[in-house]
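Here's the structure we're looking at; comments come further down.
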Amino acid sequence: MGKYCFGVDVGGTTVKLGVFNTDGDLLEKWEIPTVTEDGGKKILPDIARSILREMDEREMERDEVVGVGIGAPGPVDSEGTIYGAVNLGWGTFSLKKELQILLNLPVEAGNDANVAALGEMWQGGARGYRNVVLVTLGTGVGGGIIVEGKILPGSTGAGGEIGHLHVNDKETIPCNCGNKGCLEQYVSATGMVRMAREKLAAQRREGILSRIPADKLCAKDVWDAVKAGDPLAAEVAEDFGWYLGKAMAGVACVVNPEIFVIGGGVSKAGDILIDYVQKNYSKYAFRGCKGALFTLAKLGNDAGIYGAAKLVLD
């Protein structure tokens, strides 16, 4: 068996790459620009070139490399076909086969959030568990579901799209996906800021948040204000926890995870965020699922490369 594997996490601005040994130790990581011009045609050749260069520098023989795993921001099915990635300019094609041809090495592919969930299960916040739900709270909301140690991609790779669970029938503003009332509209960084602005406009109360210009307000400001005891910020946090906790109670009825891992930029608020979510989860969860744990992600921006590497070790 080979000694090494590579993990690749394709983002809209940069591609993160890492080389691992088969015990899961990250030996080196680096980034290359994501060239999205011309329909993203250069992305995979650039990745292949970078990996082959690393192999040359380390004097790796091909039989020493188990393979290359890749996570990409779009629906990816269990056969490695990606069904479009708008921010990369990609349409539908076999991500697995295309990269395999360029590298002449085994390749496995998955959706970036699902792959990040696998990384957190393997070496991160959910280490030691095999049934995991990852929720990533950033500009948007992503998710990944691991059942018995395996990614649950669904028929077209759209499994785990937690951010687009419908949670509000009364919403009038469309989500980025085109629907209205998606979870992403309330618990993402942009969603929290929007809820705070709406409360500030409606109530005009003096407090920490009212002293920050509306166009400068960010999710970190909201959580900092919560920690400082600001009542209006606490209301936003209560709403955040209600939406996310109730939504995760619904997810639990379907996949019954042992643990929920909360990641993404918003999760930097720390354990206080978990408190707001967990109390609402406990309120709404089916009794057979109430024992699920909640924790913060540990791998940060490296979760994608860890999970991608794990794809080829399974």
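Each reported figure results from applying straightforward, stated rules to the coordinates on display, with no laboratory input. Keep in mind the model is a prediction, meaning the values are calculated, not measured. When we count neighbours, we look across all protein chains shown, and the Cβ atoms used for this are built from the backbone with ideal geometry, even at glycine.
Numerical summary
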{"read-out": "Charge-dipole axis of region 253-314 as Lys and Arg at +1 and Asp and Glu at -1 on Cβ define it, positive-most pick from S267, F294, A308", "value": "F294"}
{"read-out": "Neighbour cut-off at most 13 other Cβ (10 Å), DSSP loop, GluC sites (Glu not before Pro), region 186-259", "value": "E206"}
{"read-out": "Distance (nanometres) between label positions extended 7 Å along Cα→Cβ at R204 and E235", "value": "1.4"}
{"read-out": "Gaussian network model of the chain, Cα within-10 Å springs - most flexible of V35, V266, V254", "value": "V254"}
{"read-out": "Model label zone, R287; criterion: amide N under 19 Å from point 7 Å along Cα-to-beta-carbon; scope region 242-271", "value": "249-250, 252-254, 256-257"}
{"read-out": "Summed residue charge, Cβ within 14 Å of G181's Cβ, Lys/Arg positive, Asp/Glu negative", "value": "0"}
{"read-out": "Additional length obtainable on full extension of the chain from I272 to D169, 0.36 nm per residue less Cα span", "value": "34.3 nm"}
{"read-out": "Total charge dipole magnitude, region 127-298, about the Cα centre, Cβ charges on Lys, Arg, Asp, Glu only, Debye to nearest 20", "value": "200"}
{"read-out": "Net charge, Y129 excluded, C-beta distance under 12 Å - Lys, Arg +1, Asp, Glu -1", "value": "-1"}
{"read-out": "Gaussian network model of the chain, springs between alpha carbon atoms under 10 Å - residue of I32, I262, I145 with greatest fluctuation", "value": "I32"}
{"read-out": "Kyte-Doolittle mean at least -0.5, axial Cα span of 30 Å or more - DSSP H helices of the chain", "value": "231-255"}
{"read-out": "Whole-number D in µm² s⁻¹ for region 30-81, Kirkwood Cα-pair radius fed into Stokes-Einstein, 10 °C, 1.306 mPa s", "value": "122"}
{"read-out": "Correct option for Cα Rg over 2.2 N^0.38 Å [calculated from the coordinates] among (i) 1.04; (ii) 0.89; (iii) 1.22", "value": "(i)"}
{"read-out": "Length released on extending from E61 to V255, taking residue separation times 0.36 nm less the Cα-Cα span", "value": "65.7 nm"}
{"read-out": "Loop sites in region 211-298: trypsin sites (Lys or Arg not before Pro), DSSP, at most 14 other Cβ within 10 Å", "value": "K290"}
{"read-out": "Measure of compaction for region 127-298 (Cα Rg per 2.2 N^0.38 Å)", "value": "1.03"}
{"read-out": "Cα shape, region 85-133, gyration tensor, a/c 1.5 rule", "value": "oblate"}
{"read-out": "Loop sites in region 214-290: chymotrypsin sites (Phe, Trp or Tyr not before Pro), DSSP, at most 16 other Cβ within 10 Å", "value": "F286"}
{"read-out": "Point-to-point label distance, D224-R130, nm (Cα→Cβ direction, 7 Å offset)", "value": "4.5"}
{"read-out": "Centroid-to-centroid separation of region 19-83 and region 219-259 [C-alpha atoms, Å]", "value": "35"}
{"read-out": "For G110, net neighbour charge (Lys/Arg +1, Asp/Glu -1) across residues whose Cβ lies under 15 Å away", "value": "-4"}
{"read-out": "Gain upon complete extension [E79, N301; 0.36 nm per residue less C-alpha separation]", "value": "77.4 nm"}
{"read-out": "Prolate/oblate/rounded call for region 1-135, Cα gyration tensor, a/c under 1.5 rounded", "value": "oblate"}
